[in-house]
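This report concerns only the one structure given below.
The values are calculated or read from the model by the stated rules, or taken from the named source; none is laboratory data. Keep in mind the model is a prediction, meaning the values are calculated, not measured. Positions of Cβ are backbone-derived with ideal geometry, glycine not excepted, and every protein chain shown enters the neighbour counts.
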Amino acid sequence: MSTATEVICAPQQALEALRAFAADGMCGRCIPCPIATRQSIAMLERITSGEGEAVDLDRLTRVSTELIDAARCPKGEEAAKKLGEALASPEFARHVEGICGSGACAALTRYRVIPERCTMCGACQEACPRDAIEGDPFIAWRGDNKPYVIRLEKCDGCAKCVAACPADAIERVT
Amino acid sequence: MAKEITLHIDGQPVTVPEGTKILQAAESIGIEIPRLCYFEGLPASGSCRLCLVEIEGQSRLAVSCTQRVKEGMAVLTASDRVLRSRRFILELIWSTHDGDCTTCEKAGACDLQRYTYDLDVDKEKYGLYAPDEIPSDLGDPLLERNLRLCILCGRCIRACREKSQGILDFMERGMSTIVTTSLNRPLAESGCDFCGSCIEVCPVGCLVERDRKLRGREWEFESVETLCGHCNLGCTQVIDLAHGEIVRTRPGADGYLCVRGKFGWDYLSSDDRLTAPLVRNGDSLQETTWAEALARAAEGLAGAGSVAGLVGPNVTNETVKAFGELLATSFGSQDVGFTGGGVPFGALSTFGGLKALAGVGDVEKAKKILAIGPSLAEGFPRARLAIKRAVDAGAKLIVVDPNESELAAIATLHLKPKAGAEAALLTAIGKALVDGDLHNAEAEGVAEAIPAIRELGVPDAGVSPEAIAEAAKLFAKGKGVVVSSALTCDVLSRSAGLLMLTGRKKGALLPLHPSANPWAGVLLSAGASGDGAKGIYALGTDPVAAGEPPNADFLVVQDLFLTKTAEMADVVLPLRAFAEEEGTVVGAGGKLIAVNAAAPSDLPANWQILADLADAAGKPLPYKSIRDVRAAAKETISAVKGSLAFPSMNGAGDSEELRPYERFELPEPSWVARSQIRRGGSAAGVSEAKEEVAA
Ligand code: SF4
Ligand code: SF4
Ligand code: SF4
Ligand code: SF4
Ligand code: SF4
Ligand code: SF4
Ligand code: FES
């Protein structure tokens, strides 16, 4: 059984790298590097929470190329280069389109119940904090049991249902 | 002679001395490389990166404000790559810069604004990230710090360190760095002396004088340069006017003003200024016309029989000259006394000529400095700066001050005489010089003085003989100056004596005085007491406040305000302030310096008022214009300036009794009063003040 928190996508990796740089490597004694880092972190936060726009990708690309010249020390330069390498991944564009694809960004991840596997125990419904799962528990001999389904518009991708399901009947769809 | 280096900048050849920075080399051929953190005269920090240039054959861009020229270098200051990088940096700065040029005071003189325009920068490229908790006004008196505009260039930090108290720094770190005082305390609690040096270097509108706010845009300012009139160190001062009113003062070429020069101009536009003549009518003074007032003054003085004049230290040579001439020509009096605001000036009449006076330049170049007197650093910040610079350059400093002080902290030797014993201590040092054979035997007048000095007993100054001997040894050789804020006759004459003994005759003595032109009276007036005169004319001086009320049948007072003396006068005439007068002064270095009428005034020039009074008395002055007065003043000064001799150690100076040591009180920077007048509740404050004057 896999849990989503162990997975990390390319934008999150870039975000973590910059956060680590901001907390540790960066001195803040030149003007461009701290601002660029702060702005990049803000953009990556938007992207990984589903609010990213195509223009953010252009801005990030600009930081990654220009900060190499503009930063004062090799640390800033290296941070810019790393960002540039990360940006080569197609995952960034997909995030902006609304799909994380790895399960790392909850806001960009959705699940569905696999009807063939579902035992209709209702554990997922109990676990769902957003009341996003509809369905009735299985009662023998009743013909109109409502099967369990996840309402995508209510779901925020937290994956609690995945963890709760004893039958491994919930899968990621984006 | 430094080696010359030849390089090419944007294709143009340029030859500069080795060690020159690329940015300066470019400037020498008229190419201005944009910069935000670099400021001429401050150490470079290389932090804003705006001055990046491309050097052929180098993969990295180079920081032109810190990188030195190399032979054969080919520099591009505006290649595509350079421009891209500059725009990028400016876009980033705008993403943290919560400013609006339409209302910003700095607009028109702002480097960020200019570069943004020049490079057509997209201000919104990265949006705006300026958290609400960044304050837009830290609430300090006199100057506003709006951290929402700060671009962290660090110039103010370096300016404060180089010129003043060094209280600013980058605080916190990384992405939340701000520029402020330690623990972000208010300036007034951080040791700030409100010199405003930080304002002068800020490239944006983060640091702004409160008084100028909403009073005009930069491009509306008219600027006139003159000298600051608040002490005799003579810092150049630019006065900016908008719509005919003073809105700001700032340093001229030498780049420094102290709090008085920077912020102490409010008195000029004070509502308490005298604007029309007043004449006595029974118990009260009533406003009248110039003609009436001058006629009354002329008649009263002429009728008094004997007339004496008193002139203060804050008027031009021309005013002093015209004043002396008026008394002599029109009222037959040679009796013009000079009042230095309670400071005795007798010492200077026995001092070795104007060329012996030192200016700040002499102090900065000195190798040995003897700094005497209380509150020297606080009262005369420009002198403190000069002394600090000299000490940084390796000068030895001897401080004579009973108290601990900022200068004592950096002194090689700190001598603490007992109260009132400064002069005695100087005598003791002089004797130690002679006894230790450290004096300059060849110097003029020394040989004759030596026998008497050897005979002298050592006066008790409360300082150990060892310390005195050490002081004598320290001070004996090298370019040396005496800087003194203790302006007693005894201290000055003994200081001059020490300089004589060590053979220092030029640029050696700097007596500090809180007025612009303290020597003019000594040089231009006959120097009399006014004792027994029945008519007295006091110009720019307030003997009543100084505790010496004039005893006269007829009193004319000419001053800026209705002073205590003016209140008892028969005729009161308004006076133009120093900043409002064209003329000359005898500067700190003993040179004649021209000053301009930088601040506006509706009054006639002071010499003109005096000439009109002479006309009213029926005995006109021999001057047609200010130039005539200037020529006459110059002639008198030239005639006397070299004829004064050094006093001897045991001569005239010693015959005077040592007077108790008087602490020299400095005017407090009055920002509390100012801000109350200027801001909230202003209307009430001002009209009350007006009523007081009218009453
Ligand atoms: S937890 Fe799993 S098995 Fe149980 S109802 Fe939900 S999907 Fe079906
Ligand atoms: S992912 Fe979270 S919100 Fe969505 S259905 Fe499952 S438990 Fe509910
Ligand atoms: S500081 Fe400069 S750029 Fe910023 S708002 Fe003021 S004038 Fe405009
Ligand atoms: S006013 Fe002068 S002392 Fe105060 S912070 Fe600015 S530079 Fe420093
Ligand atoms: S206050 Fe002005 S001079 Fe100081 S760091 Fe900020 S922008 Fe630079
Ligand atoms: S040091 Fe003297 S001349 Fe200079 S600004 Fe201050 S008061 Fe004026
Ligand atoms: S001006 Fe050179 S780095 Fe700022």
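The table below lists the values:
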| read-out | value |
| --- | --- |
| Matching residues, segment B:125-143, being of a type in the set (A, V, I, L, M) and at positive phi | B:LEU142 |
| Segment B:21-42, subset of a type outside the set (A, V, I, L, M) and within 14 Å of chain A (Cβ to nearest Cβ), residue nearest to B:VAL75 (Cα to Cα) | B:PRO34 |
| Segments classed as helices (runs of 4 or more DSSP H), wholly inside segment B:401-514, with at least 3 members that are assigned by TED's automatic domain parsing to the domain that holds B:VAL360 and touching a Pro at 6+ places or on another chain (Cβ under 7 Å) | B:422-435, B:489-501 |
| Cβ pairs under 6 Å, 6+ apart, first in segment B:547-560 and under 21 Å from B:PRO604 (Cα atoms), second modelled with pLDDT of 85 or more and polar (S, T, N, Q) | B:VAL557/B:THR565 |
| Test: residue in segment B:179-187 that is within 13 Å of chain A (Cβ to nearest Cβ), surrounded by 20 or more Cβ atoms within 10 Å (Cβ to Cβ) and touching a Cys at 6+ places or on another chain (Cβ under 6 Å) | yes |
| Filter result for the condition that a residue is touching a residue at least 12 places away in the same chain (Cβ under 8 Å), among the basic types (Lys, Arg) and either within 27 Å of B:GLY420 (Cβ to Cβ) or in contact with a helix residue (DSSP H, G or I) (Cβ under 6 Å, 6 or more places away or on another chain) (or both), over B:LYS388, B:LYS396 | B:LYS396 |
| Any hit, segment B:452-474, residues being over 30 Å from B:LEU613 (Cβ atoms), buried (at least 21 other Cβ atoms within 10 Å of the Cβ) and under 25 Å from the mean Cα position of the chain (by Cα) | no |
| Residue ID - surrounded by the fewest Cβ atoms within 10 Å (Cβ to Cβ), chosen from residues in segment A:24-64 that are in contact (Cβ under 8 Å) with a residue 24 or more places away in the chain, aliphatic (A, V, I, L, M) and more than 7 Å from chain B (Cβ to nearest Cβ) | A:ALA54 |
| Residue count, segment B:149-166 (criterion: in a loop (DSSP other than H, G, I, E, B) and either more than 13 Å from ligand 5 (Cβ to nearest atom) or surrounded by fewer than 19 Cβ atoms within 10 Å (Cβ to Cβ) (or both)) | 3 |
| Criterion violated by B:ARG86 - all others in (1) basic (Lys, Arg); (2) free of Cβ contacts under 8 Å to residues at least 24 places away in the same chain; (3) within 14 Å of another protein chain (Cβ to nearest Cβ) satisfied | (2) |
| Which listed residue is away from ligand 5 (no atom under 16 Å from the Cβ) and within 14 Å of chain B (Cβ to nearest Cβ), from A:PRO90, A:PRO74 | A:PRO74 |
| Identity of the residue in segment B:45-75, more than 13 Å from chain A (Cβ to nearest Cβ) and assigned to a strand (DSSP E or B), that ends up nearest to ligand 5 (Cβ to nearest atom) | B:ARG68 |
| The one condition in (1) assigned by TED's automatic domain parsing to the domain that holds B:VAL247; (2) without any contact (Cβ under 8 Å) to a residue 60 or more places away in the chain that B:GLU144 fails to fulfil | (2) |
| B:ASP140 within 14 Å of chain A (Cβ to nearest Cβ), farther than 24 Å from B:PRO34 by Cβ and within 12 Å of ligand 4 (Cβ to nearest atom) | no |
| Single match in B:GLY99, B:GLY127 (criterion: within 19 Å of A:GLN39 (Cβ to Cβ), within 16 Å of ligand 5 (Cβ to nearest atom) and either in a loop (DSSP other than H, G, I, E, B) or not assigned by TED's automatic domain parsing to the domain that holds B:PRO17 (or both)) | B:GLY99 |
| Selected residue (only one of A:ILE68, A:ILE47 is in contact with a His (Cβ under 7 Å, 6 or more places away or on another chain) and in a helix (DSSP H, G or I)) | A:ILE47 |
| Which listed residue is within 16 Å of ligand 3 (Cβ to nearest atom) and modelled with pLDDT of 95 or more, from B:ILE239, B:ILE199 | B:ILE199 |
| Entirely in segment B:196-304, the helices (runs of 4 or more DSSP H) that have 2 or more residues that are within 16 Å of ligand 4 (Cβ to nearest atom) and farther than 30 Å from B:PHE331 by Cα | B:197-201, B:259-263 |
| Yes/no for A:LYS81 being away from chain B (no Cβ under 13 Å) and surrounded by fewer than 18 Cβ atoms within 10 Å (Cβ to Cβ) | yes |
| Criterion (among the basic types (Lys, Arg), in a helix (DSSP H, G or I) and at pLDDT below 85) met by exactly one of B:LYS321, B:LYS355 | B:LYS355 |
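Quick grid of which residues meet (1) modelled with pLDDT of 90 or more; (2) within 13 Å of ligand 2 (Cβ to nearest atom); (3) surrounded by 14 or more Cβ atoms within 10 Å (Cβ to Cβ):
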residue: A:ALA70; (1), (2), (3): yes, no, yes
residue: A:ALA88; (1), (2), (3): yes, no, no
residue: A:ILE99; (1), (2), (3): yes, no, yes
residue: A:PRO115; (1), (2), (3): yes, no, no
residue: A:GLY143; (1), (2), (3): no, no, no
